[in-house]
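Everything below concerns the one structure shown next.
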Amino acid sequence: MNYWLMKSEPDDFSIDDLQMCEQQTVAWQGIRNYQARNYIRDQIALGDLVLFYHSSCKVPAIVGLANISSQPQIDVSAFDDRSAYFDMKSDATAPRWWQVHIQFMAKFSNPVSLKQLKADPLLQDMVLVAKGTRLSVQPVTQEQYQHIMKLTNVD
DNA sequence: GCCAACGTTGGC
DNA sequence: GCCAACGTTGGC
């Protein structure tokens, strides 16, 4: 079992949107970064847990929990020239981009803000904190995950 | 809206 | 294969 953090802009797709999806599940399409693609294609597995992060918003924060609910699949939105995610360099014979489905598990009553993450001595090695990285799919260690889950329960 | 950090592209 | 130019992300 592995742990991940996935970013989404809430104006675009929020944790509430995920909760309201049919089966509370959505295909995570549109990853167009090779490092993130490699994680999705090669390392993410059914049942892995996902910290759902809101970026580019008033209070960037980890706002909920999801799980990986499919095997990695080819992201067919790359083939669709009407899609915002269209990539003419990806086609069915040489698919370049991959997706998984994620399923809603929880919305935190105490989101963990980026500010909190940055200030926490135990979380300095988080990819999100350490590199200020823009990577939209990133690994989280079990220790980091457990600590963050503790923070969500603190009032 | 600004801009730093980072990723990608393409000329050589 | 280097690296400058350019584009994007995302916090502030």
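The values are calculated or read from the model by the stated rules, or taken from the named source; none is laboratory data. Please read all numbers here as calculations on a predicted model, not as lab measurements. For neighbour counting, all protein chains shown are included, and Cβ atoms are generated from backbone atoms with ideal geometry for every residue, glycine included. These accessible areas exclude ligands, DNA and RNA; they are computed on the full protein's heavy atoms, side chains included. Shrake-Rupley method; radii C 1.70, N 1.55, O 1.52, S 1.80 Å.
Odds and ends about this structure:
- Phi to ³J(HN,Hα) by Karplus 6.51 cos²θ - 1.76 cosθ + 1.60 over the stretch A:54-62, Hz, x for Gly, Pro: 8, 10, 6, 8, 4, 10, x, 6, 7
- Of the accessible area of the stretch A:66-155, computed with a 1.4 Å probe over protein heavy atoms only, carbon and sulfur atoms account for 52 percent.
- Cα pair count fraction exceeding 18 Å, expressed as % - the stretch A:80-155: 58 percent
- Cα lying deepest toward the dipole's positive end in the stretch A:3-152, options A:Ser83, A:Ser109, A:Ala61, charges on Cβ: A:Ala61
- C-alpha long axis of helix A:142-152 to longest principal axis of chain A, angle in °: 60 degrees
- Note on chain A: helix-only mean residue ellipticity at 222 nm, from DSSP H runs of 4+ residues weighted -39500 (n - 2.57) and normalised by residue number, equals -5000 deg cm²/dmol.
- Net dipole in debye of chain A [+1 Lys, Arg Cβ; -1 Asp, Glu Cβ; about Cα centre; nearest 20]: 420 debye
- Percentage of interatomic Cα-Cα distances in chain A larger than 25 Å: 27 percent
- Calculated FRET value between A:Gln35 and A:Ser109, using beta carbons and R₀ = 30 Å, to 0.05: 0.40
- Where chain A is the region considered: accessible area per residue in Å², 1.4 Å probe: 55 Å²
- All-pairs Cα distance distribution in the stretch A:63-105, expressed in whole percent, bin size 10 Å: 29, 38, 27, 6
- When A:Thr152, A:Thr93 are compared by accessible area at a 1.4 angstrom probe, the order from most to least is A:Thr93, A:Thr152.
- Cα pair distances in the stretch A:39-96, grouped into 5 Å bins until the bin that holds the longest one, percent each: 4, 16, 16, 15, 19, 20, 9, 2, 0
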